[in-house]
Amino acid sequence: MEHDLKTLSECFITDGTYLAGGPFGSGHIHETFYINTTEQDKDDYVLQKLNNKVFRNIPELQDNIERVTVHLLRKISAIPGSDIKRQCLQLIPARNGKSWITDNYGNFWRMFLFIRDHRSYDIVDSPEKAYEGGKAIGRFQALLSDLPGKPLFETIPDFHNLEKRLENFAHSLNIDAAGRVIKTVEETDFILKRSEEMKIIHKLGREGRIPVRITHNDTKFNNILFDKDDKSLCIIDLDTVMPGYFHSDFGDAIRTGANKASEDEQDLSLVNMDIRLFEGYARGYLSETKETLNPVEKEYLALAPLVMTYEQALRFLTDYIDGDTYYKIHHENHNLQRTRTQIRLLESMEGQYGVMQEIIMKLI
Ligand code: ADP
Ligand code: GN1
Ligand code: MG
């Protein structure tokens with residue numbers, strides 16, 4: 001559907017005048033548009049049509065984002081020399097007094113300040129960038145550790161709860177809504193064989209051996225923006241900031257940032273985890289969090305990338321079997337392709353797990 005981006009943009013209190021807008025970025029969830037303004041010296045914006053099938057309670061979601069962005073802004077602006085327009089994600093208020101609007105079709109929209117002169121990477125090519133990414137995630141967690149007020153709203157219940165995801169998977173296999181189960185025998189077998197060992201982090205949480213903290217929960221590498229010198233600038237995509245375990249953030253960034261190929265690479269021979277990128281990322285992350293992590297969190301850190309890659313394989317496979325109801329896809333077998341890539345990546349991590357553990361031991 002064509003959207004009237006000009007009229008929608010004018011529902012928000014922007015500084016510059018609307019010039020043009022078009023699709024932007026490679027996110028899998030929302031529809032994101034870049035809004036260019038006429039004046040050279042005024043800000044540009046990002047307009048998003050929110051996916052309210054994935055996020056069922058938009059007012060609570062936006063309340064979380066308001067609280068988180070205000071807190072980050074307060075802390076980052078106190079740092080001398082900070083560039084808050086580029087280091088803080090900032091919501092633009094709507095004219096209705098809220099931070100979102102609804103259009104005539106019942107769609108929800110919000111607007112952010114566009115972070116100027118940034119770089120974003122779907123694939124990471126150097127340990128230095130990986131280090132910067134790790135540092136950024138660790139710092140983000142530290143900055144949010146003293147968020148005041150009630151616990152954040154759980155925007156997607158049980159988001160990283162593997163037990164629940166495996167239950168849903170079993171249900172999807174039974175229903176076979178798209179008649180695709182027959183095409184996924186090998187992948188399903190791979191998933192089911194590992195289900196017990198992959199639940200470990202969740203079990204540790206339930207037993208109170210690792211604490212619930214405030215985490216980002218979607219630390220895909222392209223949600224970390226960099227500046228032109230490849231120093232990390234800002235973490236975006238704050239929809240899933242909520243209570244969680246540090247392991248999810250540590251692991252998911254490696255899943256995406258230490259893979260030599262893209263998340264949906266067709267040529268599986270190109271998919272593998274580069275141990276130098278893992279080392280760089282872990283070094284950066286631990287430089288910020290070493291003092292905070294408890295001994296059990298440290299002990300299981302090396303397992304986190306395997307668990308998150310497993311979870312992602314499971315999520316893509318479930319969506320394929322359900323008939324592609326969750327992720328945006330670009331071709332018919334996209335979710336199956338993505339599943340196979342994640343499976344190959346997990347095999348690569350399994351082969352290097354001993355070295356991953358040694359690296360973490362050395363760094364803590
Ligand atoms: P999704 O949940 O669909 O991934 P994101 O919030 O991550 O949505 O936005 C999609 C993409 O839009 C990002 O990967 C990034 O490239 C771009 N983007 C989002 N917010 C901003 C911003 N404030 N400034 C610059 N680019 C942004
Ligand atoms: C989605 O929103 P985006 O594209 O950054 C998803 C993540 C997945 C990722 C896989 C809210 O991330 O959990 O890991 O796709 N976000 C949500 O590419 O489900
Ligand atoms: Mg994103």
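The values are calculated or read from the model by the stated rules, or taken from the named source; none is laboratory data. The shown structure was predicted, so the numbers you read here are calculated from the model rather than taken from an experiment. All accessible areas refer to the heavy atoms of the entire protein, side chains included, with ligands and DNA or RNA removed. Shrake-Rupley method; radii C 1.70, N 1.55, O 1.52, S 1.80 Å.
One Cα centroid belongs to segment 118-167, the other to segment 1-76; the line between them spans 20 Å. Going by accessible surface with a 1.4 Å probe and the largest first, I29, I224 read I29, I224. Here the average projected area of the convex hull drawn through the C-alpha atoms of the chain stands at 18.5 nm².
Leaving out ligands and nucleic acids, note down the accessible area per residue over the chain with a 1.4 angstrom probe, in whole Å². Intermediate values should be presented prior to the final figure.
Numbers: 16400 Å² over 364 residues.
Per residue, the chain has an accessible area of 45 Å².
What pairs in K53/K328; K129/K362; K199/K260; K135/K298; K164/K199; K42/K98 have C-alpha atoms more than 18 Å from each other? Walk me through the numbers on the way to the answer.
Working: K53/K328 12 Å; K129/K362 20 Å; K199/K260 26 Å; K135/K298 16 Å; K164/K199 10 Å; K42/K98 23 Å.
Pairs exceeding the cut-off: K129/K362; K199/K260; K42/K98.
Please report the carbon-and-sulfur percent of the accessible area for segment 221-364; probe 1.4 Å, protein heavy atoms only, DNA, RNA and ligands left out. Whole-percent figure for carbon plus sulfur exposure: 49.
How do H334, H202 rank by accessible surface area computed with a 1.4 Å probe, from largest to smallest? Provide the component values of the computation, followed by the final result.
Working: H334 5, H202 40 Å².
Order by accessible area, largest first: H202, H334.
Counting only protein heavy atoms, what percent of the accessible surface of segment 1-129 is carbon or sulfur at a 1.4 Å probe? Intermediate values should be presented prior to the final figure.
Details: 3420 of 6850 Å².
Roughly 50 percent of what the probe reaches on segment 1-129 is carbon or sulfur.
Mean separation of Cα pairs under 8 Å and 6 or more residues apart, divided by the residue count, gives the chain a relative contact order of 19 percent. Ordered from highest to lowest accessible area with the whole protein assembly present and a 1.4 Å probe, T219, T325 read as T325, T219.
For segment 227-364, what's the relative contact order in percent, using C-alpha pairs closer than 8 Å and at least 6 residues apart?
Details: 135 pairs, mean separation 45.3, N = 138.
The normalised contact order for segment 227-364 reaches 33 percent.
Taking Cα atoms only, the orientation of helix 246-257 departs from the longest principal axis of the chain by about 90 degrees. The C-alpha atoms of the chain define a longest principal axis, and helix 58-77 lies at about 80 degrees to it.
For segment 78-147, how big is the tail of P(r) above 20 Å, as a whole percent of Cα pairs? All intermediate terms of the calculation are to be shown ahead of the outcome.
On the way: 1312 of 2415 pairs.
That fraction is 54 percent.
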